[in-house]
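Trainee: Submitted below is the structure of interest, expressed as structure tokens.
The values are calculated or read from the model by the stated rules, or taken from the named source; none is laboratory data. Treat the numbers as computed from the prediction; the structure is a model and nothing was measured. All Cβ positions, even for glycine, are placed from backbone atoms using ideal geometry, and neighbour counts span all protein chains on display.
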Amino acid sequence: MTRSIRWAALTILLVSALGVAKNQPTLQYPDLVRPKQPIAFSSNAAHYVEKHQENGKVKVWVFFTDKGVYTKGQFESATLAARETLAPRALARRVKHGISAIEFADLPVNERYVDLVANAGAKLRWASRWLNAASFEVDQAALDLIGKFPFVERIQPVAVYKRSKDSPVDDKSVIQQEKSGLDSKGLSYGSSAAQLTQISVPQCHDSNYAGQGIIISMFDSGFRTTHNSFTQILSQGRLLAKYDFVFHDTVVDNEANDDASAWSHGTSTWSTCGGENPGVHYGPAYKASFILCKTEDIRTETVVEEDNWVAAVEFADSVGTDIISSSLGYSDWYTTSDYNGRTCVSTLGALQAARYGILVCNSIGNSGPGATTMGAPADADSIISVGAVTSTGALSSFSSRGPTADGRMKPEVCARGSSDYLASSSSDADYSYGSGTSFSCPLTAGAAAVIWGAHPDWTNMQVREAMMSTASRASTPDNSYGWGIVNTWAALHVSFAPPSYVHGDADGSGDVDVSDVVYLISFIFSGGVEPAPLAAGDADCSGAIDISDVVCLINYIFSGGAAPC
């Protein structure tokens, strides 16, 4: 049997198992077309946009059924152009994480579909290749028409996050206690000493681990890049890229149309992660490189829109980032049941970033102490959601809690989020105190960079596992602290033994080949023998054995796709 015949035979078997309609194009590559939803726009979504329209205009995501690519040949041609949009470092990071081929998610959205929606009375905001969707500002009256287009899978509102300009504050008594500082052997930390000592960063700095070689993308409302906390980053050429997703330019400092406080929050979070001012303030990753993404438009009621976040995460991936620090969360039209790790748009973006080897660190939120009070994308699996503690290690009262709607524990870890010492945008030399998971998150992202810089051969999931397994409550995790307060020094010293099995080798033969595809199909559809160990059959490392593992193996064996996991 020739290779092409084997491909065709397995594809027919897969398509039959999935129940693809006979009148669709014959697909030589799986997952190129999604079925159109029976109801493109739900009643819940319609109710939301009715209440939130402005002059008859609403902001929505339009998800498409396909990208105009239906065959293996068309797909391979499209991937050649898509590869050119990714920096060499981005491609290298993916290869290290087992993804050597350009994927369907990397292909651009079909421009013809975007144009047809625009012609129906919509203005394009962002197109997302990962989601195969685009966000639009559209006449509310045109939604029914757009939903009837055969290439429109579904429509949903663009979610927002409303954050007050004043971060929550508690534990004010520590402000005076910290001003003397605690110095390491070589660095004078000033008033940032306590927040770094709590997560065991000074020992790492003493051993010259400070995030060298790691690229961190900061997502926030703007940045005062001239602040003296960032002098070394700029002078050493470690500010690698920046983009303003509000005004669509490369200026992330305040602009003429900005609210005066736009750069306040981002200046503080960036300094908390990687600032450097000897004797005054340090972030954990003060030797890392940075990418700045201005994602929040705070000019009116501090409403932050989720599509900017998705655009930023795809940009961060394309330019080669390793870690994302995002002190943001989205709720609004989502309900508690949506925080299940597979529904919210930013959550889907975070999951894809994690799959491509990026370690996403995101604030759990400031809506505690109730259960399941996080926003998206903090509910995502395979990321680090960060809670906040005080100087004594007690949980900050405002820190959001888990679990997720599907029962997973959240957050993953905690760091100082009450009265953190940080750079202030008031001038190029001002520092102040602030509270919120907005600041425990960049501390954790900085710690992750310190760990990863010491182990550049590790994957993002190994860094995550090392941080969780060495945190202060790792033996008794819960939905308040997660696995506990980060211990950077201990995580840096974790060692990983190679697995005793090969992902994708379902039949235990020692090789990943067509027999493993047959084995998995038998197990999934006919109640065949379970792989031993079970994880060997989990070719895509999703945590479950299903049809996607068959897809993964077919791609790998017959078209040079990514190796399992």
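Trainee: Going by the structure shown, is residue 45 in a helix (DSSP H, G or I), over 23 Å from residue 547 (Cα atoms) and at pLDDT 95 or above?
Mentor: Judged against the criteria, residue 45 is not a match.
Trainee: Output the number of the condition that residue 459 fails; it satisfies all remaining conditions of (1) surrounded by fewer than 22 Cβ atoms within 10 Å (Cβ to Cβ); (2) touching a Phe, Trp or Tyr at 6+ places or on another chain (Cβ under 8 Å).
Mentor: Single failed check for residue 459: (2).
Trainee: Still on this structure: Out of everything in region 260-303 that is crowded, with 24+ Cβ neighbours inside 10 Å and more than 16 Å from residue 229 (Cα to Cα), what residue ends up being farthest from the chain's Cα centre (by Cα)?
Mentor: 262
Trainee: Let me ask something else about it. Part of a helix (DSSP H, G or I) and closer than 22 Å to residue 308 by Cα: which single residue out of 95, 114, 109, 60 fits that description?
Mentor: 114
Trainee: Any idea which residue in region 247-275 is nearest to residue 319 (Cα to Cα), counting only those that are outside any helix (DSSP H, G or I) and in contact with a strand residue (DSSP E or B) (Cβ under 6 Å, 6 or more places away or on another chain)? Working first, answer last.
Mentor: So in region 247-275, the residues outside any helix (DSSP H, G or I) come out as 247-263, 275.
With in contact with a strand residue (DSSP E or B) (Cβ under 6 Å, 6 or more places away or on another chain) added as a condition, the list becomes 250-252, 275.
Values: 250: 14, 251: 17, 252: 17, 275: 22 Å.
The qualifying residue nearest to residue 319 (Cα to Cα) is 250.
Trainee: Within region 523-539, work out how many residues are of a type in the set (Gly, Ala, Ser) and within 12 Å of residue 549 (Cβ to Cβ).
Mentor: Total satisfying the criteria: 4.
Trainee: Which ones in region 117-144 are free of Cβ contacts under 8 Å to residues at least 24 places away in the same chain, outside any helix (DSSP H, G or I) and within 19 Å of residue 66 (Cβ to Cβ)?
Mentor: 124, 127
Trainee: Which residue, of 234, 196, is over 30 Å from residue 116 (Cα atoms), among the aliphatic types (A, V, I, L, M), exposed (fewer than 15 other Cβ atoms within 10 Å of the Cβ) and at pLDDT 95 or above? Quick ask: steps written out before the conclusion?
Mentor: Details: 196 fails: exposed (fewer than 15 other Cβ atoms within 10 Å of the Cβ).
When all the criteria are applied, what remains is 234.
Trainee: Give, as residue ranges, the helices (runs of 4 or more DSSP H) completely inside region 430-524 that count at least 1 residues that are in the same structural domain as residue 269 (by TED's automatic domain parsing), of a type outside the set (S, T, N, Q) and over 26 Å from residue 420 (Cβ atoms). Show your work before the answer.
Mentor: Working: elements: 437-454, 460-469, 488-492.
Helices (runs of 4 or more DSSP H) meeting the threshold: 460-469.
Trainee: Considering each residue of region 452-483, count those that are within 24 Å of residue 397 (Cβ to Cβ), of a type outside the set (A, V, I, L, M) and in contact with a Gly (Cβ under 9 Å, 6 or more places away or on another chain), and give that number.
Mentor: Qualifying residue count for the region: 9.
Trainee: I've got another one for you. Checking the condition under 30 Å from residue 210 (Cβ atoms), modelled with pLDDT under 90, surrounded by fewer than 20 Cβ atoms within 10 Å (Cβ to Cβ) and among the aliphatic types (A, V, I, L, M), which residue from 532, 497, 490, 474 passes?
Mentor: 497
Trainee: Taking the condition of being free of Cβ contacts under 8 Å to residues at least 60 places away in the same chain and within 24 Å of the chain's Cα centre (by Cα), how many residues in region 473-493 meet it?
Mentor: Adding up the residues that qualify gives 2.
Trainee: Only residues that are in contact with a Cys (Cβ under 8 Å, 6 or more places away or on another chain) and either at pLDDT 90 or above or within 25 Å of residue 562 (Cα to Cα) (or both): list them for region 300-359, please.
Mentor: Hits for region 300-359 are 312, 315, 316, 323, 324, 325, 326.
Trainee: Quick one: is residue 365 touching a residue at least 24 places away in the same chain (Cβ under 8 Å) and surrounded by fewer than 24 Cβ atoms within 10 Å (Cβ to Cβ)?
Mentor: On the way: touching a residue at least 24 places away in the same chain (Cβ under 8 Å): yes; surrounded by fewer than 24 Cβ atoms within 10 Å (Cβ to Cβ): no.
It is false that residue 365 is touching a residue at least 24 places away in the same chain (Cβ under 8 Å) and surrounded by fewer than 24 Cβ atoms within 10 Å (Cβ to Cβ).
Trainee: Also: Could you list all residues from region 209-245 that are outside any strand (DSSP E or B), within 18 Å of the chain's Cα centre (by Cα) and of a type in the set (Val, Ile, Thr)?
Mentor: Across region 209-245, the qualifying residue is only 214.
Trainee: Right, another one. Those residues that are of a type outside the set (A, V, I, L, M, F, W, C) and either at pLDDT below 95 or farther than 13 Å from residue 204 by Cβ (or both), I need them from region 440-471; list them, please.
Mentor: 440, 442, 444, 456, 457, 459, 460, 462, 464, 465, 469 - these are the residues of region 440-471 that are of a type outside the set (A, V, I, L, M, F, W, C) and either at pLDDT below 95 or farther than 13 Å from residue 204 by Cβ (or both).
Trainee: To continue, here is another question. Quick one: is residue 380 crowded, with 24+ Cβ neighbours inside 10 Å and closer than 27 Å to residue 297 by Cα?
Mentor: For residue 380, the condition - crowded, with 24+ Cβ neighbours inside 10 Å and closer than 27 Å to residue 297 by Cα - is met.
Trainee: Scan region 501-529 for residues that are exposed (fewer than 13 other Cβ atoms within 10 Å of the Cβ) and of a type outside the set (Gly, Ala, Ser) and report the count.
Mentor: 2
Trainee: Could you tell me whether any residue of region 160-180 is part of a helix (DSSP H, G or I) and either at pLDDT 95 or above or among the charged types (D, E, K, R) (or both)?
Mentor: No, region 160-180 has no match at all.
Trainee: Please determine whether any residue of region 62-72 is among the aliphatic types (A, V, I, L, M) and at pLDDT 85 or above.
Mentor: Yes, region 62-72 contains at least one residue that is among the aliphatic types (A, V, I, L, M) and at pLDDT 85 or above.
Trainee: Starting from region 77-92, keep only residues that are more than 13 Å from residue 106 (Cα to Cα) and touching a residue at least 40 places away in the same chain (Cβ under 8 Å), then list their pairs with residues that are in a helix (DSSP H, G or I) and among the aromatic types (Phe, Trp, Tyr) whose Cβ atoms are within a distance under 6 Å, requiring at least 6 positions of separation or different chains.
Mentor: Within 6 Å, no pair qualifies.
Yes/no per residue for (1) within 23 Å of the chain's Cα centre (by Cα); (2) surrounded by fewer than 19 Cβ atoms within 10 Å (Cβ to Cβ):
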position	(1), (2)
38	no, yes
42	no, yes
75	no, no
81	no, yes
95	yes, yes
101	yes, yes
